[in-house]
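The structure's right below; bear with me while I get my questions together.
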Amino acid sequence: MVSKKAKWVAPVALASIVGLTACGGGSGESSSAAADVESGPIEFSMFSADSNSNWVGMKDKVGAAITEKTGVTLAAEYAIGGDTQKVSLMVASGEYPDLIMPKGDTSKLVEAGALVDLTDLIENYAPNIKKMYADDMNRLKYSKEDQSIYIIPTYTGVGQTSFDAGGGFELQLEVLKELGYPEIRTLDDYEKAIKEYYAKNPTINGQPTIPLTLNADDWKIMIGVTNPAFQATGLPDNGEFYINPETYESQLHYKRPEEKEYFRWLNKMYNEGLLDKETFTQKSDQYLAKISSGRVLGTINQEWDYSEAENALKGSSDATTQNRIFGHFPVTLSEEYKDHSFMDVGFPGGYGIGLTTNLSEAEQIRAIKFLDWLASDEGQVLVQWGIEGEHYNVEDGKRVIPQEIQDRKTNDNVAFTKETGIGMYTTMSPHYGDGVQDATGNYYTTNFPEQIQNAYTQPEKDALKEYGATTWKDLFPAADELGTSAWGAAYNLPAPTDSAYTVAFQKSQDIVRKRIPEAILAPAAQFDGIYDGMIEELNSADIVEMEKIFTQQIKDTVELWGTGK
Amino acid sequence: MGTLTSGGNSNNNPGTPAKDPLAGKRFKKQGFWRTALQQRYLYLMSLPFVIWAFIFSYLPLWGWTMAFQDFKPAKGFFEQKWVGFEHFVELFSDDRFYLALRNTLAMSVMGLVVGFMIPIIFAILLNELRGMMFKRFVQTVSYLPHFVSWVVVAGLVTKMLSTQGGAINDLLVGLHIINEPIQFMAKGEWFWYIVTASDVWKEMGWNTIIYLAAITGIDPELYEASRVDGASRYRQMWHITLPGIRTTISVLFIMQIGHLLQIGFEKQFLLGNNLVLEYSQVLELYALQYGLQMGRFSYGTAISIFNSVVSVILLFTVNGIFKKVSKESIM
């Protein structure tokens, strides 16, 4: 009897020990306010829903300078990957950091009453922020019902004019060179260029050439697969929706018949063996590995998603390999559509930084003053340019970045950012966008035409010259051809929190992310059946109801901003 | 234990002292305190665990109330709106829930069948090995993958099954078994097998340890006696080793059944992609996406209550069956 018992006691005990150790750990950090809240050194905790692998706890040069000037140290926590549950967990536990950049989860925090209304704080303590958003203050308000300001939109620069294109359809510079720099305007042009080069060069460096591959891993399927469908059919980015500019009626953009034709083109590419077979099964790192091998002739993506992979090619000593990076083209389904990447959406508002109820009133004032300092001319120049005499010099009243600093920035970006912190504090600071000049006639940011051209590698400069352009943006339709938007950019607006919306939206995404890859990978004859089946699923009552809720949201936004017709 | 309960029979003659209900109670009480006093150190030693279990396993049950409310984090308990079984009704009328349940059960049962048998077989085979060095070596190599995180394993598996330079496809094409590489990761109906196979690879060695430990507890005299009687090695395995670890097997089996619905989601999350969503969506992923990520705490709680209730029912059923059939159980 005893021995029988002993036999099973051992495994049970072992299992419970394993269980115990697994439950260990946990977090128990909370920021304690320093005694001298008003001006002494103070530490604020901060959470950002974006990841940042370069954060070194403000020990970088710019960070140290910020602490020296403001007395503020940030204990920052950055999310890992596309972490969307962190904010939900904060809401559930009621424990918030002092400052928070919740991206799309703002509404969850507002609903929980976790964010501080900044209206009066800005009015009384933040002259720089007030000056910066002067005309756009309405666009900071949360909603028609709740006109508080919870978030200072720091993800976008005020008055931003983009000087370079990072999106569109990408084609390898080497392909362009070999084909004598043909015009790339429509899907046909794009396809022809890829086909021609692929026929001549079935292998690159001894490995099979990959004519076209996309990144469809997890949420990036939006960036690499579904968003290009509206880009190629002449729409600006409004997230997953097409919004009628007259009536504001919204519907999921994949329901437009034009976009079906775009996906039909991908289907054709797949069946002709031009679209990488692994497109829908590969993970992001596999995608990046392919690009950095230089074997990918074309991709359709945003530069921020793959630039990491290009660094390896740029740093190569071989001239042809250096040429295996991508150029950007405003490719559309046919000539009748215009790429709307550079449409003027006004100040889009949206993602940014907010203060939580974790802060006492005195701390709130201190925190807003901190943000206000970052918004000052001194703060902005520090954040964007770095330290004078070290990262830039002033020559004849002009800020100039020395060549060796620029080289490090271009070729050794990660180490450079970790060491200097340049560019790392931009997303948490209220700031002016590219193209805005300060009182001295210098640009606030380091992205201005001359600087951008300087930052290009030689192969890029050569290719652009062939097209008679100085930047990739020159190839795209200019803002004045494209009209304006009354609601800014819809992907940037807080999403409705109503569960009738959120559940149906998630459902629609589950359908789309499954059916579109299925349709693309199907034999051509089955494409229509699968795609139409998807549309039918997307026409279910709850999804149509969701579109109506979104329509209302857009109407309310237009009314709140006073931008209606 | 239950025979001494009092007041069961009201027709008893009140004069008989032995049947006095109070007497029975006193006796029982005394018995408890006496044993408690005698075994005070044992009680004292188990106390931390009782407290631990109470804090981490029973206190959170209070949170179950959330499932019956329209829970809003900012409000206090008494300000919440009570909605009864609304969230459960919604849960049970959602097709995706049944899909997730199917996938969970399928992968769980496959994992149980394969992932349970293989370590036992492996342990018995290892036990039969003579070279001590070789045995140790094999054991170490086989349990090392346990310490590799699923993120890395998922990377390895996708790379191995890749159509471009993936080892498995290269091998199959090289042997002329197939003409063209197969897109393993794009085939939904294969997803369950891929998950099960990678799980077996990762956990086989680790799960073997417990059986090996149990085998060492078998009296060597039994083997000697059987050899004298002329039992072959297979006979020894069948008649001594297996029965020797039978209790361990049943205990672990019962515990695993209790976790049938809680298979985690790392494997499915990391190995899955949009194409195989219909086969990779499991309950915990469903709870995460449709509950927590949307801030629908009540709905998420409802799912987890369903999970727990099913687990408890399964555990008791299997435990009961084992009790009846083999007289071995964990409760």
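If we keep just the residues of the stretch A:391-429 that are among the small types (G, A, S) and surrounded by 17 or more Cβ atoms within 10 Å (Cβ to Cβ), which is nearest to A:L99 (Cα to Cα)? Break it down stepwise before answering.
Here is the first cut: in the stretch A:391-429, the ones among the small types (G, A, S) are A:397, A:415, A:421, A:423, A:429.
Applying the additional criterion that residues be surrounded by 17 or more Cβ atoms within 10 Å (Cβ to Cβ) yields A:421, A:423, A:429.
Working: A:G421: 19, A:G423: 19, A:S429: 12 Å.
In this case the residue turns out to be A:S429.
Now for a separate question. For the stretch A:47-64, which residues satisfy the criterion of being surrounded by 19 or more Cβ atoms within 10 Å (Cβ to Cβ), touching a helix residue (DSSP H, G or I) at 6+ places or on another chain (Cβ under 8 Å) and among the hydrophobic types (A, V, I, L, M, F, W, C)?
Matches in the stretch A:47-64: A:F47, A:A49, A:M58, A:V62.
Let me ask something additional. Does any residue of the stretch B:78-87 turn out to be in contact with a helix residue (DSSP H, G or I) (Cβ under 9 Å, 6 or more places away or on another chain) and part of a helix (DSSP H, G or I)?
Going residue by residue through the stretch B:78-87, those that are in contact with a helix residue (DSSP H, G or I) (Cβ under 9 Å, 6 or more places away or on another chain) are B:80, B:82-87.
Those left that are additionally part of a helix (DSSP H, G or I): B:86-87.
The answer is yes, given that some residue of the stretch B:78-87 is in contact with a helix residue (DSSP H, G or I) (Cβ under 9 Å, 6 or more places away or on another chain) and part of a helix (DSSP H, G or I).
Could you say which residue among A:T497, A:T446 is modelled with pLDDT under 90 and closer than 28 Å to A:K555 by Cβ?
Working: A:T446 fails: closer than 28 Å to A:K555 by Cβ.
Step by step, each of A:T497, A:T446 is checked, and only A:T497 is modelled with pLDDT under 90 and closer than 28 Å to A:K555 by Cβ.
Continuing with the same structure: Using the structure shown, decide if A:A134 is touching a His at 6+ places or on another chain (Cβ under 7 Å) and either of a type in the set (S, T, Y) or surrounded by fewer than 23 Cβ atoms within 10 Å (Cβ to Cβ) (or both). Even if it seems obvious, please write down each step before you answer.
Values: touching a His at 6+ places or on another chain (Cβ under 7 Å): no; either of a type in the set (S, T, Y) or surrounded by fewer than 23 Cβ atoms within 10 Å (Cβ to Cβ) (or both): yes.
So A:A134 does not fit the description; no.
Looking for something in the same structural domain as B:W201 (by TED's automatic domain parsing), within 29 Å of A:T279 (Cβ to Cβ) and of a type in the set (A, V, I, L, M) - is there at least one such residue anywhere in the stretch B:249-259? Before the answer, list the steps.
In the first step, residues of the stretch B:249-259 are kept if they are in the same structural domain as B:W201 (by TED's automatic domain parsing); the result is B:249-259.
From the residues that got through so far, the ones that are within 29 Å of A:T279 (Cβ to Cβ) too are none.
Scanning the stretch B:249-259 turns up no residue that is in the same structural domain as B:W201 (by TED's automatic domain parsing), within 29 Å of A:T279 (Cβ to Cβ) and of a type in the set (A, V, I, L, M).
Name the residue, out of B:T104, B:T158, that is within 12 Å of chain A (Cβ to nearest Cβ), under 17 Å from B:V200 (Cα atoms) and touching a residue at least 24 places away in the same chain (Cβ under 8 Å). Can you show your working first?
On the way: B:T104 fails: within 12 Å of chain A (Cβ to nearest Cβ).
After applying the criteria, what remains is B:T158.
Mind counting the residues in the stretch A:65-79 that are under 20 Å from the mean Cα position of the chain (by Cα) and buried (at least 19 other Cβ atoms within 10 Å of the Cβ)?
Let us first name the residues in the stretch A:65-79 that are under 20 Å from the mean Cα position of the chain (by Cα), namely A:76-79.
Next cut, buried (at least 19 other Cβ atoms within 10 Å of the Cβ) only: A:76, A:79.
Going through the stretch A:65-79 one residue at a time, the tally reaches 2.
Then there's this: Would you please name the residue that is modelled with the lowest pLDDT, looking only at residues in the stretch A:329-371 that are within 30 Å of A:T186 (Cα to Cα) and outside any loop (DSSP other than H, G, I, E, B)?
This residue is A:D344.
Can you name the residue in the stretch B:194-241 that is of a type in the set (D, E, K, R) and not in a helix (DSSP H, G or I) and, of all such residues, is surrounded by the fewest Cβ atoms within 10 Å (Cβ to Cβ)?
Of all residues in the stretch B:194-241, those of a type in the set (D, E, K, R) come to B:199, B:202-203, B:219, B:221, B:224, B:227, B:229, B:233, B:235.
Those left that are additionally not in a helix (DSSP H, G or I): B:219, B:229.
Values: B:D219: 11, B:D229: 8.
The selected residue is B:D229.
Considering A:S250, A:S292, which residue is more than 14 Å from chain B (Cβ to nearest Cβ), surrounded by fewer than 23 Cβ atoms within 10 Å (Cβ to Cβ) and in contact with a helix residue (DSSP H, G or I) (Cβ under 8 Å, 6 or more places away or on another chain)? Talk me through it step by step, then tell me what you get.
Values: A:S250 fails: surrounded by fewer than 23 Cβ atoms within 10 Å (Cβ to Cβ).
Of the residues listed, the single one that is more than 14 Å from chain B (Cβ to nearest Cβ), surrounded by fewer than 23 Cβ atoms within 10 Å (Cβ to Cβ) and in contact with a helix residue (DSSP H, G or I) (Cβ under 8 Å, 6 or more places away or on another chain) is A:S292.
Which residue, of A:Y242, A:Y197, is among the aromatic types (F, W, Y) and assigned to a helix (DSSP H, G or I)? Can you show your working first?
Numbers: A:Y242 fails: assigned to a helix (DSSP H, G or I).
That would be A:Y197, the only listed residue that is among the aromatic types (F, W, Y) and assigned to a helix (DSSP H, G or I).
Anything in the stretch A:497-524 that is farther than 24 Å from A:Y262 by Cβ and more than 10 Å from chain B (Cβ to nearest Cβ)? List them, or say none.
A:D498, A:A500, A:A504
Give B:I313, B:I249 a once-over and let me know the one that is assigned to a helix (DSSP H, G or I) and either among the acidic types (D, E) or surrounded by fewer than 16 Cβ atoms within 10 Å (Cβ to Cβ) (or both).
Values: B:I249 fails: either among the acidic types (D, E) or surrounded by fewer than 16 Cβ atoms within 10 Å (Cβ to Cβ) (or both).
Every option except B:I313 fails the conditions.
Kindly indicate whether B:G230 is assigned by TED's automatic domain parsing to the domain that holds B:I124 and more than 30 Å from B:D70 (Cβ to Cβ). Break it down into steps so the answer makes sense when it comes.
Numbers: assigned by TED's automatic domain parsing to the domain that holds B:I124: yes; more than 30 Å from B:D70 (Cβ to Cβ): yes.
So B:G230 fits the description; yes.
Continuing with this model, one more query. Within the stretch A:80-193, considering only helices (runs of 4 or more DSSP H) that don't extend past its boundaries, which have at least 1 residues that are within 14 Å of chain B (Cβ to nearest Cβ) and under 21 Å from the mean Cα position of the chain (by Cα)?
Working: elements: A:85-93, A:106-111, A:119-125, A:127-132, A:173-178.
Output list reads A:85-93, A:106-111.
Since B:D219 meets every condition but one in (1) within 14 Å of chain A (Cβ to nearest Cβ); (2) at pLDDT below 90, which condition does it not meet?
(2)
Still on this structure, I have one more. How do the pairs read when you match residues in the stretch A:31-54 that are closer than 14 Å to A:Q364 by Cα with residues anywhere that are modelled with pLDDT of 85 or more and among the aromatic types (F, W, Y), using Cβ under 8 Å and keeping only pairs 6 or more apart or on different chains?
Final answer for the pair search is A:S31/A:F44; A:F44/A:F370.
Quick check, is B:L292 away from every other protein chain (no Cβ under 14 Å), closer than 27 Å to B:F191 by Cα and not charged (D, E, K, R)?
Details: away from every other protein chain (no Cβ under 14 Å): no; closer than 27 Å to B:F191 by Cα: yes; not charged (D, E, K, R): yes.
No; evaluated as a whole, the condition is false for this residue.
Residues that are modelled with pLDDT of 90 or more, within 14 Å of chain B (Cβ to nearest Cβ), under 23 Å from the mean Cα position of the chain (by Cα) and not in a loop (DSSP other than H, G, I, E, B): does the stretch A:225-234 have at least one?
Of the residues in the stretch A:225-234, the ones modelled with pLDDT of 90 or more are A:225-234.
Cutting the leftovers down to within 14 Å of chain B (Cβ to nearest Cβ) gives us A:225-226.
Checking which are under 23 Å from the mean Cα position of the chain (by Cα) leaves us with A:225-226.
Checking which are not in a loop (DSSP other than H, G, I, E, B) leaves us with A:225-226.
Yes, because at least one residue in the stretch A:225-234 is modelled with pLDDT of 90 or more, within 14 Å of chain B (Cβ to nearest Cβ), under 23 Å from the mean Cα position of the chain (by Cα) and not in a loop (DSSP other than H, G, I, E, B).
Since B:E328 meets every condition but one in (1) in a helix (DSSP H, G or I); (2) touching a helix residue (DSSP H, G or I) at 6+ places or on another chain (Cβ under 7 Å), which condition does it not meet?
The single condition B:E328 does not satisfy is (1).
With A:E272, A:E259, A:E278 as the choices, which residue is buried (at least 22 other Cβ atoms within 10 Å of the Cβ), in the same structural domain as A:D188 (by TED's automatic domain parsing) and within 24 Å of A:D188 (Cβ to Cβ)?
Details: A:E272 fails: buried (at least 22 other Cβ atoms within 10 Å of the Cβ); A:E278 fails: within 24 Å of A:D188 (Cβ to Cβ).
Going through A:E272, A:E259, A:E278 in turn, just one is buried (at least 22 other Cβ atoms within 10 Å of the Cβ), in the same structural domain as A:D188 (by TED's automatic domain parsing) and within 24 Å of A:D188 (Cβ to Cβ): A:E259.
Taking A:V175, is it more than 30 Å from A:I554 (Cβ to Cβ), touching a Phe, Trp or Tyr at 6+ places or on another chain (Cβ under 8 Å) and β-branched (V, I, T)?
Working: more than 30 Å from A:I554 (Cβ to Cβ): yes; touching a Phe, Trp or Tyr at 6+ places or on another chain (Cβ under 8 Å): yes; β-branched (V, I, T): yes.
So A:V175 fits the description; yes.
Could you check the stretch B:263-299 and list, in sequence order, the residues that are in a loop (DSSP other than H, G, I, E, B) and not β-branched (V, I, T)? First the steps, then the outcome.
So the first thing to find is which residues in the stretch B:263-299 are in a loop (DSSP other than H, G, I, E, B), and the list is B:263-265, B:272-273, B:281-282, B:291, B:295-296.
Correct list: B:G264, B:F265, B:G272, B:N273, B:Q281, B:G291, B:G295, B:R296.
Taking the criterion of being touching a residue at least 40 places away in the same chain (Cβ under 8 Å), farther than 25 Å from B:M117 by Cα and within 9 Å of chain A (Cβ to nearest Cβ), would at least one residue in the stretch B:257-274 satisfy it?
Of the residues in the stretch B:257-274, the ones touching a residue at least 40 places away in the same chain (Cβ under 8 Å) are B:257-263, B:266-268, B:270-273.
Imposing the further condition that a residue be farther than 25 Å from B:M117 by Cα reduces the set to B:270, B:272-273.
In the following step, the residues that additionally are within 9 Å of chain A (Cβ to nearest Cβ) were identified as B:270, B:273.
Checked the stretch B:257-274: at least one residue is touching a residue at least 40 places away in the same chain (Cβ under 8 Å), farther than 25 Å from B:M117 by Cα and within 9 Å of chain A (Cβ to nearest Cβ).
With the checklist (1) over 30 Å from A:L521 (Cα atoms); (2) within 22 Å of the chain's Cα centre (by Cα); (3) touching a residue at least 40 places away in the same chain (Cβ under 8 Å) in hand, flag the one item B:A213 doesn't pass.
So B:A213 meets the others, but not (3).
The values are calculated or read from the model by the stated rules, or taken from the named source; none is laboratory data. In this text the structure is predicted, and so the values were computed from the model without any measurement. Glycine also receives a Cβ, built like all others from the backbone with ideal geometry; neighbour counts cover every protein chain displayed.
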